């Protein structure tokens, strides 16, 4: 991979690069000298100042909880961790997209590095020498304390036990320039990677380029005006034209949660780099990159947005040739940019023709007079002063900055000796002024009795800041030759400070900067009458330093991955850590997040008396054992002498997975019933155990993936299982005890939810979603409209279509008010258990007349359902049950068609009529899996309230983000339009299922964390939700036209408010291109309710969904009518275990219906009838007939035809 410019070739040489700064090492400090002194056994350099030890990672601090144990960290050279090629500094051209963040919270540095990567000359300038790269030694330079500092490092990079770098890398793993620069930056900043967790992008930009950074606060009123009048956009164009480097972020106060995602996909509290700006017609674009290399903007002109498919004929090449990719790079309109970012970082890169003057000084108590203070004696005139003289007879442009000595940098003895609390902090606020020499001279001679006039101040810094750098408030400063000379006065806000500082003046023409002493001459006359009473207003109060771009710390230890855990166990020589121990039989993984103890793994509360999970009936004490130490033989009966030892394994060949489940001391039938249903699909069950291999059993570590809050989460567990004192399983197990998938899956689910006790209540549909990632639906047979569908056969056909499509169905007899997972009810007279969840395996329909058989129950059509009991026992004893005589004799042909076997246990058949009467709840989980044409889309956002600043004022930008507006309200009928909006663009007809979810209150980090601290009623409060959520779907054109005047009939669909984890459309929407785009409003039942949510769409055709904008509604006169103002019904659901059923149209694949249903509004009904006037409002045969007609035709009609049919039938 060698040979090209900027590449590290096979000979280890980096071809000469153009340098803007020459490097002349001190005697004895050249790379050749260092190699002679510190070469290792392999002849490669080993840096003595940044050794491979714990201090180089964490300094003198304790290791962070979200870091793997240091004993498992490997320091590897590139040729050891680069796989599939030869390591190179650069491969081809470096690009901003090369930078990938690792497990270190230094996005501020990496975003700056991404900016620098857009300028190859700046990037190459950082590598002062790669002459001996083949010997593992590099010299890298950074701009610190007013000049370039050189740092020599070796190329040993900290890696995890799998051999992959822990921190920043390049997207192409062969390139190593990111890892080298990050290591060198860690060395110069206190010789510790951990010191990079805190910082600002401006620091990094200056250190990497030598340029001068500025911060633009978009919340500032003056800047807001510049956004409106276009002046800020002109600045952006100028900055890019001058090759300055730009970054942006929505900065958040330290007290707030970090990395909160907007509706448009922008992450708050995270730094981005700005790569380019472009214009076309009246559109203004910024090209932006996320250093993560993913999570891009989802609003207007985002990747795959419809705007790219409808370019104007005169579109420029950059628009025509744009090819989106999942690389973190996206285009964004300027109007959207100023809405989603509040801070811009600018690193001014001065042309080579500009010159620099730098002076180093020190404040001491004797020469630190502080800033001018009109309310006290002024001693500012004793501050150090520098005389500035122009050498040109024409105008000169200046940039002035004053910097304190970098507290991070090695060699700063004061801060290196300071406490951890003071690290990276500045005790003094600094600033400066530039004033006319005559005025300063007058003030100094009179010892401040003659005040400095405001008109004499030519330039000044921004407000005093306790920060590293301050620069001129308005750039550039333009000086006329006839106005000079001038005096530059650095100062601290408070007097008697003691610190070093650096004054830097950059100019487009040569200037002279020298220390200034006041000449001894007579006092000038006539000064008194010209004093400016407002002279001190030029000095603003001291401000705190800018907030660091600190990424949110993990709330709990971040455990190793399965691969890392296995690699730890395999390390030679063996190394014991908190995660890996030697148990005699080999190195085993130990989970230190889900600790093997009664509390917190089994109980929610430390006090066993407050726990609802009583295991004392099963065992006097709980033990934790590995599978090899569990008494398997006691379950398997007597075994003859010489029998092979029982070897536990995850899955046994030939086992009947759905019938494997055996319940233990934990009443969690809801979970085990869902697990048994998933086991009917071995492919789904096996996919839950990620990267399973024999090494998992050897080292006792497994990874189970579970679907939570719209994404798959990998849950790593060890194989220590709770057992009784007799060594038997305490909780669930497989029928064959040596098969482990049931207890391991149960343990992973308990870990994700906090503890085993948390599994005492829940609902089957939500577990099915957690185990499959599908879309859950609940159908109650008692609903009037469901009863219609049962009688006309529609529900039967929909169930059959779902099974054929690979979805999972379970059925149970739920009693009102009965908590799922409670004590099992007795079997009814037909052998069915309540509230057991039985898995629906198969549906069969027979025409008995055509088959030449007798009618069954006076009907020629025979419909049979095959079910499975998860326990493998308790079979149905009614007609067509396992012992029924109907399988023999006159219906023997049916037995052949159904492949009936009377010895099959656990599964049984029953007639459809009994199915719909003996059960009352159908749980559906629609599985979306390749090659299934259905696909899932997910978008995150949050309901927010405007937060006032310290002065109690709510800024316009903050007010714009206020989107927790609730449903339509008579007092403020247009407020609901400010709720989060998502536009859905459709290019071809497609069915669509919409699901709105709030964060699962059961998952670790949710509500149960607070519940544990309260004690007493922990389990009662567990799984509760304080918000009722719902949504509405409408055509964007209708919203734009009618706005607050919209009525129920104007909506395409409405989902009722429910206090539950998920709400969904009670039917599948049929989206059409001619009605596109649609808009989805996510809302809460009351205004001001804040919190995060996820919007999930399941579609068959490609659609584009974007958030981040609000539809502009046409102005209308106020409509005082009260009709249909509150278009949303409420359905409070107290807890997920009491999940409310949808109607049968809620099934994916079911046709949309007209009219209003109990669980939601109909599809684009043209009538204005009140809520509840749909199925169930009347029982007449005519109504049933009309409903059946609509049901049958609905699947064949488009939206307009459905509207017409509904209107004609009065539905």
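Regarding region 186-200, can at least one residue be identified that is under 18 Å from residue 345 (Cβ atoms) and modelled with pLDDT of 85 or more? So far as region 186-200 goes, yes, one or more of its residues are under 18 Å from residue 345 (Cβ atoms) and modelled with pLDDT of 85 or more. Against the conditions (1) under 20 Å from residue 616 (Cα atoms); (2) in contact with a strand residue (DSSP E or B) (Cβ under 9 Å, 6 or more places away or on another chain), residue 745 satisfies every one except (1).
Among the conditions (1) more than 43 Å from the chain's Cα centre (by Cα); (2) modelled with pLDDT under 80; (3) surrounded by fewer than 16 Cβ atoms within 10 Å (Cβ to Cβ), residue 422 misses just one, which is (1). Inspect region 772-790 for any residue being modelled with pLDDT of 90 or more, more than 42 Å from the chain's Cα centre (by Cα) and surrounded by fewer than 24 Cβ atoms within 10 Å (Cβ to Cβ) and give the result as yes or no. Checking region 772-790: at least one residue is modelled with pLDDT of 90 or more, more than 42 Å from the chain's Cα centre (by Cα) and surrounded by fewer than 24 Cβ atoms within 10 Å (Cβ to Cβ). Which condition breaks for residue 53 when tested against (1) closer than 30 Å to residue 593 by Cβ; (2) at pLDDT below 85? For residue 53, the exception is condition (2). Between a residue in region 288-299 that is more than 16 Å from residue 109 (Cα to Cα) and any residue that is modelled with pLDDT under 75 and not in a loop (DSSP other than H, G, I, E, B), which pairs come within a Cβ distance under 9 Å, given they are 6 or more apart or on different chains? Cβ pairs passing all conditions: 295/261. Applying the criterion of at least 1 residues that are in the same structural domain as residue 610 (by TED's automatic domain parsing), in contact with a strand residue (DSSP E or B) (Cβ under 6 Å, 6 or more places away or on another chain) and modelled with pLDDT of 75 or more to the strands (runs of 3 or more DSSP E) found wholly in region 947-1050 leaves an empty list.
Strands (runs of 3 or more DSSP E) fully within region 58-167 that include at least 3 residues being touching a helix residue (DSSP H, G or I) at 6+ places or on another chain (Cβ under 8 Å): 137-144, 147-154, 157-159.
Would you call residue 672 part of a helix (DSSP H, G or I) and outside the structural domain of residue 601 (by TED's automatic domain parsing)? Spelling it out, it is not the case that residue 672 is part of a helix (DSSP H, G or I) and outside the structural domain of residue 601 (by TED's automatic domain parsing). Among what's in region 82-103 and is surrounded by 15 or more Cβ atoms within 10 Å (Cβ to Cβ) and more than 29 Å from the chain's Cα centre (by Cα), pick the residue that is nearest to residue 138 (Cα to Cα). Ranking the candidates gives 89 first.
Assess whether residue 75 counts as being within 22 Å of the chain's Cα centre (by Cα) and closer than 29 Å to residue 200 by Cα. Taking the combined requirement at face value, the residue does not satisfy it.
Check region 352-360 and report whether any residue there is within 30 Å of residue 228 (Cβ to Cβ) and touching a residue at least 60 places away in the same chain (Cβ under 8 Å). The answer is no; no qualifying residue exists. Look at (1) closer than 25 Å to residue 1104 by Cβ; (2) touching a helix residue (DSSP H, G or I) at 6+ places or on another chain (Cβ under 7 Å) and you find that residue 946 fails only one, number (1).
What do you reckon, is residue 18 surrounded by fewer than 22 Cβ atoms within 10 Å (Cβ to Cβ), more than 22 Å from residue 152 (Cβ to Cβ) and modelled with pLDDT under 90? Against the criterion (surrounded by fewer than 22 Cβ atoms within 10 Å (Cβ to Cβ), more than 22 Å from residue 152 (Cβ to Cβ) and modelled with pLDDT under 90), residue 18 does not qualify. When the test is whether a residue is more than 29 Å from the chain's Cα centre (by Cα) and assigned to a helix (DSSP H, G or I), residue 908 does not pass it.
Of all residues in region 955-972, those satisfying the criterion of being surrounded by fewer than 18 Cβ atoms within 10 Å (Cβ to Cβ), touching a residue at least 60 places away in the same chain (Cβ under 8 Å) and over 27 Å from the mean Cα position of the chain (by Cα) are 969, 970. Residues in region 705-727 that are closer than 19 Å to residue 765 by Cα and assigned to a strand (DSSP E or B): 7 in all. Listed here are the strands (runs of 3 or more DSSP E) enclosed by region 325-379 that have at least 2 residues being under 46 Å from the mean Cα position of the chain (by Cα) and surrounded by 22 or more Cβ atoms within 10 Å (Cβ to Cβ): 329-333, 343-348. Only residues that are under 26 Å from residue 709 (Cα atoms) and not in a strand (DSSP E or B) were counted across region 1053-1076, and they come to 7. Close contacts from region 996-1011, counting a first residue that is closer than 21 Å to residue 1064 by Cβ and a second that is at pLDDT below 50 and in a helix (DSSP H, G or I), with Cβ to Cβ under 8 Å and a gap of 6+ residues or different chains, come to 1001/1007; 1001/1008; 1002/1008; 1002/1136.
The values are calculated or read from the model by the stated rules, or taken from the named source; none is laboratory data. All figures in this text were calculated on a predicted structure; none of them were measured in a lab. Because the Cβ atoms are built from the backbone with ideal geometry, glycine has one as well, and the counts that use them run over all protein chains shown.
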